[in-house]
Amino acid sequence: MPMPIAAEPHAIQVEPGRTALVIIDMQRDFLEAGGFGESLGNDVALLHAAVAPCQAVLAAARAAGLLVIHTREGHRPDMADCPPAKWARGPEGMRIGDRGPMGRILIRGEPGHDIIPELAPAPGEVVLDKPGKGAFCATDLDLILRSKGIEALLVCGVTTEVCVNTTVREANDRGYRCVVVADACASYFPAFHDAALAMVKAQGGIFGWVAPSGAVLAALG
Ligand code: TIU
């Protein structure tokens, strides 16, 4: 059964069997003190507003049988996949690979790299490790989605203007229809969150659609 979602700039119909929920980088490194987000000078508390809406959408997506994909930004312990230009940003001693209260910052396998317990992946859900901001860059995401017949994405997570927006732009160029779940995303910069959502839905939905979690829950319900 197609699900109509009350979105902007206009309603969109998606098929549950051809739709995936993609939760971007809800990791301790971005949401908790002592991680990558804080090392860049950000107030991590600003991201917490997205947790409850993400939980609600995740529960509804699971109940509706959607493919669920959790992404994690991070690097190999040997950092061979961390471009020097990315590493060099941030204060010395608090850079990617440096040791913080949650282990080595933004390194796979460290406690800070884990998804927050409130949104822990369930068995059988895809956990996708990505070295960049976009979830398609240097990953097998496109292969996974095409193998499962997915054509539409519900996108949640952090941060709205960085990894969410980059992923939506990549997905849009690959032909996927994206619905960004507005209140299930958050940014360290509220003005950037608003602008990032506005950019997605402007010009007739140049990158995709934007809907509140309530509209997505009503559709999945
Ligand atoms: N800094 C910032 O806003 N975001 C990131 O570095 N990565 C993600 O957005 N996941």
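The values are calculated or read from the model by the stated rules, or taken from the named source; none is laboratory data. All values reported here derive from a predicted model rather than from experimental measurement. Please note: Cβ atoms are built from the backbone with ideal geometry, for glycine as well, and neighbour counts cover all protein chains shown.
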Name the residue that is surrounded by the most Cβ atoms within 10 Å (Cβ to Cβ), counting only residues in the range 141-162 that are more than 13 Å from the ligand (Cβ to nearest atom) and part of a strand (DSSP E or B). LEU154
Is at least one residue of the range 193-203 touching a residue at least 12 places away in the same chain (Cβ under 8 Å), closer than 18 Å to LEU31 by Cα and of a type in the set (A, V, I, L, M, F, W, C)? no
Filter pass, ARG104 being surrounded by 20 or more Cβ atoms within 10 Å (Cβ to Cβ), in contact with a Gly (Cβ under 6 Å, 6 or more places away or on another chain) and at pLDDT 95 or above: yes
I'd like to know if the range 1-22 contains one or more residues that are β-branched (Val, Ile, Thr), closer than 15 Å to LEU106 by Cα, crowded, with 23+ Cβ neighbours inside 10 Å and within 15 Å of the ligand (Cβ to nearest atom). no
Taking into account only those residues within the range 163-210 that are part of a loop (DSSP other than H, G, I, E, B) and more than 12 Å from the chain's Cα centre (by Cα), which is surrounded by the most Cβ atoms within 10 Å (Cβ to Cβ)? TYR176
If you check ARG72 against the conditions, is it assigned to a loop (DSSP other than H, G, I, E, B) and among the basic types (Lys, Arg)? no
Give me the pairs: first residue in the range 141-165 and at positive phi, second residue away from the ligand (no atom under 15 Å from the Cβ) and among the basic types (Lys, Arg), beta-carbon distance under 7 Å, and six or more apart or on different chains, which are they? GLY149/ARG18
Going through the range 96-121 in order, the residues found to be closer than 21 Å to ILE69 by Cβ, small (Gly, Ala, Ser) and in contact with a Leu (Cβ under 9 Å, 6 or more places away or on another chain) are GLY112
For GLY37, work out the one condition from (1) part of a helix (DSSP H, G or I); (2) in contact (Cβ under 8 Å) with a residue 24 or more places away in the chain; (3) under 30 Å from GLY221 (Cβ atoms); (4) not acidic (Asp, Glu) it doesn't fulfil. (3)
Test: ILE96 is of a type in the set (A, V, I, L, M), buried (at least 20 other Cβ atoms within 10 Å of the Cβ), assigned to a loop (DSSP other than H, G, I, E, B) and away from the ligand (no atom under 14 Å from the Cβ): no
May I ask you to verify whether ASP114 is surrounded by 14 or more Cβ atoms within 10 Å (Cβ to Cβ) and within 16 Å of the ligand (Cβ to nearest atom)? yes
